[in-house]
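Below is one structure, written out as structure tokens; comments come after it.
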Amino acid sequence: MPISHQLTQIAYMDALQHLLIGFLLLAISLLALAVALYAWWKHRQQPENDLWSLSWAISSIIAAAFFALSLLFLANLWNWVGINHPSLLAAKQQISRAQRPRPLL
């Protein structure tokens, strides 16, 4: 298998993995946001109950954290983790050792 094909395959699999993880985290953050809105609505109906305000605060923090993580994955900022992939390092070593033809000019 050519090196360029290996690198392309690694890049596509990495991008697909980041895309799937990003959308999964986004779905979790939307679910936590729905729980936060429900807890806020219940807290507005029963202000004497502190459990609803606590659940609203916790679910809001969870929603914000998962939303931030989903943005990181969807923006592919975590792609730097893939730099130490063993097959990518091996392909880089093969490229560096390859004999390149000299330019004509």
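The values are calculated or read from the model by the stated rules, or taken from the named source; none is laboratory data. Keep in mind that this is a model prediction, so the values were computed, not measured. Don't worry about glycine lacking a Cβ; one is built from the backbone with ideal geometry, like all the others, and counts go over all protein chains shown.
Worth a mention:
- Count of the range 19-45 residues, restricted to those that are of a type in the set (S, T, N, Q) and either touching a residue at least 40 places away in the same chain (Cβ under 8 Å) or surrounded by 13 or more Cβ atoms within 10 Å (Cβ to Cβ) (or both), is 1.
- Residue under evaluation Leu37, criteria (1) aliphatic (A, V, I, L, M); (2) within 30 Å of Ala90 (Cα to Cα); (3) out of contact with any Leu (no Cβ under 6 Å at 6 or more places or on another chain), criterion not met: (2)
- When Ala65 is tested against the conditions (1) within 25 Å of Gln94 (Cβ to Cβ); (2) under 15 Å from the mean Cα position of the chain (by Cα); (3) surrounded by 14 or more Cβ atoms within 10 Å (Cβ to Cβ), the lone failure is (1).
- Subset of the range 33-72 [at pLDDT 90 or above, within 26 Å of Phe23 (Cβ to Cβ) and among the polar types (S, T, N, Q)]: Ser55, Ser59, Ser60
- Among the conditions (1) modelled with pLDDT under 85; (2) surrounded by 14 or more Cβ atoms within 10 Å (Cβ to Cβ), Leu16 misses just one, which is (2).
- Any hit, the range 74-91, residues being surrounded by 15 or more Cβ atoms within 10 Å (Cβ to Cβ) and at pLDDT 70 or above: yes
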